[in-house]
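Everything below concerns the one structure shown next.
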Amino acid sequence: MVSLRHAVVAGALLLMACPPADEEPTLDSRQLLIRASLDLRGVRPTVAEFDRLTADEAVLPDLVEEFLADERFGERMRELYTPVVRTRIDQFPVDAQDYGLDDDAAFQASVGDEVPRMIERVANEDLPWTEVATGDWTMANGILAQVWPVQQDAPGVDWSVARYTDGRPAAGMLTTNSLWWRYPSNGINYNRGRANALSRILLCNDYLAREVAFPRDIDLTDGALVADALRNNPGCVNCHVSLDALGSYLFGFTYPANAEADDASVYHPERERNWQNATGVAPAYYGEPGFTLDDLGHQIAGDNRFVECAVETVFEGLVARESDLADADALTRHREAFLAGGLTLRALVRSIVEDDAWLGRDAERAAAVRKIATPDLLASQIEDLTGYRFTVGGRDMLQTDLQGLRSLAGGVDGYTGSAPSRVPTPTMVLVQERLAQAAAWHVAASDAGLPAVQRRLLTVDFAVTPETDRAAMVDQVRRLHQRIFGLDVAVDSLEVTEALDLWSALYDVEGNAVDAWAGVLSVLLRDPDLIFY
C-alpha cells in the first residue's frame, strides 16, 4: 500500500500497473479476496470478511462461494455484458418527448437496460443461458411499461419480468425493442448490421473482423451490380451467404425513416416477408431454413458456438484480457463446467475463478496480474463505501458519454470504443479524483449528521482533534484503512501520521472537521488500489 502522499500522484497508477521485473507476479490472499468481492459483488470486502481471512486464509474458498450466492452477482453479470450488447447509449431513434415524457435521462437509461436486466435475471435466478435466445419474457420498469406494449408481472416494481403483448415471437433478447433501437437498419442495409450484432454478441463471430478480399471492380453506385456480386462474387458470397439469411429473420422490426413512436414500439408481422423484395434471400441459419424469430432463437441456442461464446465472453470479462490459443484447454474446462451446471452463469463463473488466469498466477502474462476497474466497478465500490453516486441531471456520469465520463474513465460507449481500457490513462486518474472528492465530501457531511452507529465511515466524534484526543483520531484512521483496504496499519505508521497531518492542515484552513475529514477521505479514495485490483 502506498502512502497518502504517493496516492495523490498519478504516476503511482502506472507503477502499479506492472510488477517490477524481479518480482514474481502474484496476488496475496487479501488481494484475492478484494478481487473476488469486486468481480462477484461489485463492492469491497467488509471488515468482518477481512478479519475472517486474517484469522484463517483457508476460508477464502468459502468466502468466494458466499459472494457467488450474493444477490449482487446478477448485477455484476449485467455489467460484464453491457460492453458486449452495447445497448446503454445516449441517443435512440425515439425520444422521451415522443411519448409525452419529460425525463429523457430516465427514458434512455430504461431503454438501454432492458437486455442487461435480462442477463441479470438469468444470472440471479440460475436460469439456463439459452433463455437469452429463447425466453418468452423481457424485463421492464414503470417507464417501459408505460410506453411499450409490455405487461409487467409485478406492476409498480422498479424492474420486473414482463412480456410483450403485441404478438411478437418468443426469442429472448432477439425480440426486444432496445436491441433493435440500438442497432437500426437503414433503407438498403436490409438488417445485415443487425444480423452481425446477433452473431457477434451470441456467437462471438463478428463478420466485420473477417479478412475479406473485396472486389474493387464493382461499381457500388449501381444497385443491380452490387446485388449480383452479393450472390455470385466469391469475395462477397463468403459472408453474405449466411449474413443475409440471418438478416431476413428481422424484417418484422423494420421501421421507416423517422418512424413515429407508436410504429417503432411494436412488432410488425406484416413486414416479416419483406425480404422477398429486399434481398430475395429466405430466412436461414447457416443453411438451415426457418421462418420466424423464435425459429432463429432455437437455432442459435442449439449451436455449439452459442455456449462457447458465453464461456469466452465471461472468461475475458473476468480476466480482463482477450483469450487466445494458449487458453484453449482452460476454456474447454470452463465449457464442461458450464454444461454440467445446467448452463447457469454461476456454474461458469465458479469455474473461471479457480483458473490461474483469474487468480493472478499466469506467469506468462505478468502484465495482466493486476486488473483495471471498469467505470461501473469504480462507481459501485465508491457507492458502497460512501453512499454517493455521481449523477448530474438524473444521468449517471459513469454510464453515459455525451454528458458523462464513461469513456474518459476507460469504459465503452458502443460507438467510438468497443473495448474497455486495459491500461491506465490520464483521464482515468482525473475521473477517479473527481469522484473521490465528491464522494468524500458527501459521506463526511452525511456522517456528521448521524448517530455514530448509523454512519458509514466516520464514527469518531467530530469535535475531536489530534490535539484533544489523538488516540481517537488514530483509531479512526486505522479503521478507515481496515474498511477500505483491509489493512491493519500500525499506530505510528506513515499512513496514520500523514493522514493526521493532512487533517490538521485542512482544519487550520477550513476551520471545520467535515471539510478536514473530506480531504483525508478524498486522498484515500484516490488510492490506486481502487483502480487496480
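List the trypsin sites (Lys or Arg not before Pro) within the stretch 148-214 that fall in a DSSP loop (any state other than H, G, I, E or B) and whose Cβ has at most 10 other Cβ atoms within 10 Å. Don't skip to the answer; put the middle values down first.
Values: sites: Arg163, Arg182, Arg192, Arg194, Arg200, Arg210; in loops: Arg210.
Sparse-neighbourhood loop trypsin sites (Lys or Arg not before Pro): Arg210.
With a 1.4 Å probe and all protein chains kept in place, how much accessible area does Asp413 have, in Å² rounded to the nearest 10?
20 Å²
For the stretch 253-292, which chymotrypsin sites (Phe, Trp or Tyr not before Pro) are in a loop by DSSP, counting at most 15 other Cβ atoms within 10 Å?
Numbers: sites: Phe253, Tyr267, Trp275, Tyr285, Tyr286, Phe291; in loops: Tyr267, Tyr286, Phe291.
In loop regions of the stretch 253-292 (DSSP not H, G, I, E or B), the sparsely surrounded chymotrypsin sites (Phe, Trp or Tyr not before Pro) are Tyr286, Phe291.
Out of all Cα-Cα pairs in the chain, roughly what percent, to the nearest whole number, are more than 41 Å apart? Working shown, then result.
On the way: 41037 of 141778 pairs.
Of the Cα pairs, 29 percent sit more than 41 Å apart.
Equivalent ellipsoid semi-axes for the stretch 249-322, as square roots of 5 times the alpha carbon gyration tensor eigenvalues: give them largest first, rounded to whole Å. Spell out each step's value before the answer.
On the way: eigenvalues 185, 71, 22 Å².
Three semi-axes, in Å: 30, 19, 10.
Based on DSSP H runs of at least 4 residues, each adding -39500 (n - 2.57), what is the mean residue ellipticity at 222 nm of the chain after dividing by all its residues, to the nearest 500 deg cm²/dmol?
Working: 25 runs with 268 residues, N = 533.
The helix contribution divided over the chain gives -15000 deg cm²/dmol.
Can you give me the P(r) profile for the stretch 396-515? Cα pairs, bins 5 angstrom wide beginning at 0, each as a whole percent.
With 5 Å bins starting at 0, P(r) equals 2, 10, 15, 18, 16, 12, 11, 9, 5, 2, 1, 0.
Give the relative contact order (percent, whole number) for the stretch 443-485; include only Cα pairs under 8 Å separated by 6+ residues.
Details: 28 pairs, mean separation 12.0, N = 43.
This gives 28 percent for the stretch 443-485.
Please list Glu322, Glu312, Glu57 from largest to smallest accessible area, probe radius 1.4 Å, with all protein chains kept in place. Can you show the working numbers first?
Details: Glu322 145, Glu312 60, Glu57 120 Å².
Listed by decreasing accessible area, they come as Glu322, Glu57, Glu312.
Once the convex hull of the alpha carbons of the stretch 288-372 is built, what does its volume come to per residue, in cubic angstrom?
Given the Cα convex hull of the stretch 288-372, per-residue volume reads 109 Å³.
Once ligands and nucleic acids are excluded and a 1.4 Å probe is used, how much of Phe306 is accessible, expressed in Å² to the nearest 10?
Looks like 0 Å² after rounding.
Could you please put Asp508, Asp324, Asp461 in sequence from largest to smallest accessible area, using a 1.4 Å probe?
On the way: Asp508 125, Asp324 75, Asp461 95 Å².
Result, largest first: Asp508, Asp461, Asp324.
Order Leu127, Leu198 by their accessible area, 1.4 angstrom probe, all chains in place, largest first. Present the calculation step by step, with values, prior to reporting the outcome.
On the way: Leu127 35, Leu198 10 Å².
Sorted descending by solvent-accessible area, the residues read Leu127, Leu198.
Out of the GluC sites (Glu not before Pro) in the stretch 417-509, which ones are loop residues according to DSSP with at most 14 other C-beta atoms within 10 Å? Present the calculation step by step, with values, prior to reporting the outcome.
Details: sites: Glu433, Glu467, Glu495, Glu498; in loops: Glu467.
Answer by residue number: Glu467.
What's the FRET efficiency of Asn277 with Leu101 using the Cβ-Cβ distance as r and R₀ = 45 Å, to the nearest 0.05? If you can, show how the numbers build up before the last one.
Details: r = 36 Å, r/R0 = 0.80.
Using R0 = 45 Å, I get an efficiency of 0.80.
The values are calculated or read from the model by the stated rules, or taken from the named source; none is laboratory data. Since the structure is predicted, the reported quantities are computational estimates derived from the model, not experimental observations. Backbone-built Cβ (ideal geometry, glycine too); neighbour counts: all protein chains shown. Ligands, DNA and RNA are excluded from the accessible area calculation, which covers all protein heavy atoms including side chains. Shrake-Rupley method; radii C 1.70, N 1.55, O 1.52, S 1.80 Å.
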